[in-house]
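The values are calculated or read from the model by the stated rules, or taken from the named source; none is laboratory data. What you are looking at is a predicted structure, and each value in this text was computed from that prediction instead of being measured. Cβ placement follows ideal geometry from the backbone for every residue including glycine, while neighbour counts extend to all protein chains displayed. Note: areas computed on protein heavy atoms with side chains; ligands, DNA, RNA excluded. Shrake-Rupley method; radii C 1.70, N 1.55, O 1.52, S 1.80 Å.
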There are 2 protein chains.
Amino acid sequence: MTAQNRQLRLAKRPVGRIDDTTWEITTEPIPEPGTGEFVVRIQYVSLDPAMRGWLNDVPSYIPPVGIGEVMRAHAVGTVCASQHDSYPVGATVAGMFGACEYALSDGRLVTLVDTDLAPAPTWLGALGFPGMTAYFGITDVGRTKPGDTVLISGAAGAVGSIAGQIASLMGCRVIGIAGGPEKCSWLTEELGFDATIDYRAGSVGRALHEAAPEGIDVYFDNVGGDILNSALAVLRTHARVVLCGAISGYNATTPPPGPSRYLSLLVNRSSMTGFIIFDYLKRFPEAQAALGNWIRRGDLITREQIETGGIEAFGTTLNMLFDGANTGKLVLAM
Amino acid sequence: MTAQNRQLRLAKRPVGRIDDTTWEITTEPIPEPGTGEFVVRIQYVSLDPAMRGWLNDVPSYIPPVGIGEVMRAHAVGTVCASQHDSYPVGATVAGMFGACEYALSDGRLVTLVDTDLAPAPTWLGALGFPGMTAYFGITDVGRTKPGDTVLISGAAGAVGSIAGQIASLMGCRVIGIAGGPEKCSWLTEELGFDATIDYRAGSVGRALHEAAPEGIDVYFDNVGGDILNSALAVLRTHARVVLCGAISGYNATTPPPGPSRYLSLLVNRSSMTGFIIFDYLKRFPEAQAALGNWIRRGDLITREQIETGGIEAFGTTLNMLFDGANTGKLVLAM
C-alpha cells in the first residue's frame, strides 16, 4: 500500500481562498538515499499562515512555490532509510521536507528531534518555527522588558500562544486578542494571560481602552487589518509594534486598506518593525534552549491541534487557519 | 504706532483648511519685564506644518493651542527691554515666543543667536527646529550610513532640504521628491541631490523604480499619503522609514487612508519609526555644532523664503505650506 510516495503539488495559483483546484496529488516510487542522504517517513506536516503567501507569484522574502512543485512545508518524521551518519534509521527529524509522505534529504536545515523533551508535533510548534518566531519577535524585534504591557493578536494561535507566555514569563502584563470565549478562557486560565479580548464579541477598540487604560508598550501583530489599527490607537510613548503576520488579509483579492492610524507611531515616538524568522537561523539554539528549559520546568504550555486525513486533507486543513478554527499549533497527521 | 503689542490668537478651531475665521488679533500694552525677565521685539515668525496639528482638539505630543490663546510659534527677535543678565538689550534670541509682535520671556528654552554664523531667519530654519529635525531624523532615527540610498519627500521644504544635504554630506546617494521643475532643479543643481522626482509630473512609483532600481535604505517622510505608499514599494532589506510628518493629510476632514503597502516592512525586515524633535532638546548642541560647521565651510546651503505682511498675514502664509508654495524655510517678517 504505502510502497509508493504521494506528494502534494501546486496545480494552479489560487485567487483568494484556496480550494480543490489549487492542488494535485502525484504518486511516485519512494526515493532511495544516495551517499550522505537519508529518507524520512513524514508523520506530521505543519500548516502555517505564511503558506498562503508562498502561493502568490510575487517577489517576497522567499521564491513562490512553482506550479508543479511539491508544496513547501515544515514537517517531522522518522528516518526510514539512511546513508548519512548523523541521521540513522529510527531518528526523528524535523525539516522543510514538503507536503509529502516520504522525503529525501541531505541533512541541510534538518533538526534532530528530542522526543524525550517534547513529542514530535511540538517540534513543529513551540520548538519549531512558530516558537522561534515568538521568541525572537518578543525579545529581539519587540525589545520587550519586564513590566511592559504586551498585546498579542492571534493569541491562541501557534505563535501568539507562545509569544504571550514568553512575555508573561519575562514579567510583562499580557493581553491577548482571540476569537471566541473558549480560546479566551484557555489563554487566561491555562496560559496565564492577564486579560483577553474576544474580537468576535464587540468593539476591539473599546475593549482595548478598558484592558490597557495606560496603553501598551509592545504589540505583537499576527493579524493586521482593523485590529492593528485599534492597537495603534493605544500605543504608549516609545512603543514597539512587531509585524509578524497579517492573516486577516492573506486571502484578499484586492489590497486591504493600510493602518490609517499609522501616525500614532509619530505622535508616540514608536516603531513598527517587520521580521522574517529565517534571518535568525543561527540563533535558533539560543531560543530552543530557553524554550526547552521552560517546557522542562512546566512553565510553558504547548498545544497542538492534530488533524487527520493525510495528504488529501492538506488544503481543507490549511483553510482552518483562515477561519480561526485552530487553537495552538495546527498540524496534519500523515 | 508700535507702542502696542499685537498678538494672533486662536478664535475658532478650523475644520479642514484654516481661514480668516480661525484667528483674531488682539492689542494690548507691550509687557514690562520683571526681575529675571526680558522683552523681545519679534522680527521673524516660523511657519511649520506641525502648527496645523496644534489647532486640533485631540490628544497629541503637546497640548493643543487653546481657544483665545496666542498661537504657538517659534520666532526670532531682538531683546528690547531686560532684567535678565544673560539676555541683555540688543541680543538676538530665538524661542517659542508665539505669533505676536512683542513677547515676555524668562529665558526658558531661549537660544542666543549668533548672527555672525548665519542671519536671524536661518535660526528658524537650518539652525532651528527644522535643522534639528533633519539632523536627528537622518542620523539617529534613520541610522543612516555612508553608501545608503536615501529618499526624502518634501525635499525642497525646510526639513527635507537640510535632511537631504546631511545625507549627501555623509556619503549617501540622495533622491528628493518635490513639486515642480524649479524645486527639482534647485535640489540637484544647488543642493547636490543625486536625483529628483517631480510628484506633479507623473507616477511617483514608476519614477522611483527608475531612480532607485536597487531600492532605498532610508525613507525620510514629510508627506505621507500616496508617496509614502510608493516608497514602501521600493524598500531594501533592513530599510528604515523615518516618520517626520504627513503634510498631505493635515487638512483632511476625514482620516486619510493608511499605507496599504505596510507589509513591505515585514517582507523586507524593515522599520517605520516616528519621532518628535522636542525629545532631542538636550542633544541640540551636537546638531548645532555639526550644522554650524557645515555652514561655515560652505557645505550646507540654507534658504529662507521670507514673506511680508506682518501678523495679519500669518494665516495666508501658513496655508502656503499646504499648497507647496514655499522653497526652503518659510518665515513671516513682522
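A compact table of results
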{"item": "Among (1) modelled with pLDDT under 95; (2) crowded, with 17+ Cβ neighbours inside 10 Å; (3) of a type in the set (Val, Ile, Thr), the one test that B:VAL58 misses", "result": "(2)"}
{"item": "Single match in B:SER82, B:SER86 (criterion: touching a strand residue (DSSP E or B) at 6+ places or on another chain (Cβ under 6 Å), among the hydroxyl-bearing types (Ser, Thr, Tyr) and more than 19 Å from B:LEU332 (Cα to Cα))", "result": "B:SER82"}
{"item": "Exclusive hit being open to solvent by 10 Å² or more (accessible area, probe 1.4 Å) and either more than 7 Å from chain B (Cβ to nearest Cβ) or out of contact with any Phe, Trp or Tyr (no Cβ under 7 Å at 6 or more places or on another chain) (or both), set A:ALA239, A:ALA211", "result": "A:ALA211"}
{"item": "Flag for B:ASP221 being at pLDDT 95 or above, of a type in the set (Asp, Glu) and over 25 Å from B:ASN326 (Cα atoms)", "result": "no"}
{"item": "Residue check, B:ILE197 part of a strand (DSSP E or B), under 16 Å from B:THR327 (Cα atoms) and of a type outside the set (Lys, Arg)", "result": "yes"}
{"item": "A:ASP323 being of a type in the set (Asp, Glu), surrounded by fewer than 22 Cβ atoms within 10 Å (Cβ to Cβ) and under 25 Å from A:VAL150 (Cβ atoms)", "result": "no"}
{"item": "Residue in segment B:16-32 that is nearest to B:PRO88 (Cα to Cα), counting only those that are assigned to a strand (DSSP E or B) and in contact with a strand residue (DSSP E or B) (Cβ under 6 Å, 6 or more places away or on another chain)", "result": "B:GLU28"}
{"item": "Some residue of segment A:3-15 being part of a loop (DSSP other than H, G, I, E, B), among the hydrophobic types (A, V, I, L, M, F, W, C) and under 30 Å from B:ARG261 (Cα atoms)", "result": "yes"}
{"item": "A:VAL89 under 20 Å from A:GLY34 (Cα atoms) and open to solvent by less than 20 Å² (accessible area, probe 1.4 Å)", "result": "no"}
{"item": "Test: B:GLY192 is surrounded by fewer than 21 Cβ atoms within 10 Å (Cβ to Cβ) and either out of contact with any strand residue (DSSP E or B) (no Cβ under 9 Å at 6 or more places or on another chain) or not assigned by TED's automatic domain parsing to the domain that holds B:PRO146 (or both)", "result": "no"}
{"item": "Any hit, segment A:300-308, residues being of a type in the set (D, E, K, R) and open to solvent by less than 20 Å² (accessible area, probe 1.4 Å)", "result": "no"}
{"item": "Test for B:LEU263: is it buried (at least 17 other Cβ atoms within 10 Å of the Cβ), outside the structural domain of B:LEU117 (by TED's automatic domain parsing) and closer than 20 Å to B:GLY160 by Cα", "result": "no"}
{"item": "Residue match in segment B:70-86 (condition: touching a His at 6+ places or on another chain (Cβ under 9 Å), open to solvent by 50 Å² or more (accessible area, probe 1.4 Å) and not aliphatic (A, V, I, L, M))", "result": "no"}
{"item": "Matching residues, segment B:242-260, being touching a residue at least 60 places away in the same chain (Cβ under 8 Å), open to solvent by less than 20 Å² (accessible area, probe 1.4 Å) and out of contact with any helix residue (DSSP H, G or I) (no Cβ under 6 Å at 6 or more places or on another chain)", "result": "B:GLY245"}
{"item": "Matching residues, segment B:138-150, being in contact with a Phe, Trp or Tyr (Cβ under 8 Å, 6 or more places away or on another chain) and either open to solvent by 10 Å² or more (accessible area, probe 1.4 Å) or under 15 Å from B:THR302 (Cα atoms) (or both)", "result": "B:ASP140, B:VAL141"}
{"item": "Within segment A:245-334, helices (runs of 4 or more DSSP H) holding 2 or more residues that are touching a Gly at 6+ places or on another chain (Cβ under 6 Å) and facing chain B (nearest Cβ under 8 Å)", "result": "A:264-267"}
{"item": "Where a residue in segment B:21-41 is small (Gly, Ala, Ser) and its partner, wherever it lies, is open to solvent by less than 30 Å² (accessible area, probe 1.4 Å) and in a strand (DSSP E or B), with Cβ under 6 Å and at least six apart", "result": "none"}
{"item": "From the options B:SER168, B:SER161, B:SER185, B:SER153, residue that is under 18 Å from the mean Cα position of the chain (by Cα) and farther than 28 Å from B:SER260 by Cβ", "result": "B:SER161"}
{"item": "Residue check, A:LEU109 at pLDDT below 95, part of a loop (DSSP other than H, G, I, E, B), within 21 Å of A:HIS74 (Cβ to Cβ) and touching a helix residue (DSSP H, G or I) at 6+ places or on another chain (Cβ under 8 Å)", "result": "yes"}
{"item": "Filter result (open to solvent by less than 50 Å² (accessible area, probe 1.4 Å) and touching a Leu at 6+ places or on another chain (Cβ under 8 Å)) within segment B:289-299", "result": "B:LEU291, B:GLY292, B:TRP294, B:ILE295"}
{"item": "Condition met for B:TYR280 (among the aromatic types (Phe, Trp, Tyr), over 30 Å from B:ASN5 (Cβ atoms) and buried (at least 18 other Cβ atoms within 10 Å of the Cβ))", "result": "yes"}
{"item": "Single condition A:ASP20 does not satisfy, out of (1) surrounded by 18 or more Cβ atoms within 10 Å (Cβ to Cβ); (2) touching a helix residue (DSSP H, G or I) at 6+ places or on another chain (Cβ under 8 Å); (3) over 28 Å from A:GLY274 (Cα atoms)", "result": "(1)"}
{"item": "Some residue of segment B:127-137 being assigned by TED's automatic domain parsing to the domain that holds B:ALA207, within 20 Å of B:GLU210 (Cβ to Cβ), surrounded by 19 or more Cβ atoms within 10 Å (Cβ to Cβ) and touching a residue at least 12 places away in the same chain (Cβ under 8 Å)", "result": "no"}
{"item": "Number of the condition not met by A:ILE197 [criteria: (1) surrounded by fewer than 24 Cβ atoms within 10 Å (Cβ to Cβ); (2) without any contact (Cβ under 8 Å) to a residue 24 or more places away in the chain]", "result": "(1)"}
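Here is a yes/no grid of residues against (1) under 24 Å from the mean Cα position of the chain (by Cα); (2) assigned to a loop (DSSP other than H, G, I, E, B); (3) not assigned by TED's automatic domain parsing to the domain that holds B:THR253:
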{"site": "B:GLY34", "(1), (2), (3)": "no, yes, yes"}
{"site": "B:ARG41", "(1), (2), (3)": "yes, no, yes"}
{"site": "B:ARG52", "(1), (2), (3)": "yes, no, yes"}
{"site": "B:VAL58", "(1), (2), (3)": "yes, yes, yes"}
{"site": "B:TYR61", "(1), (2), (3)": "yes, yes, yes"}
{"site": "B:VAL89", "(1), (2), (3)": "no, yes, yes"}
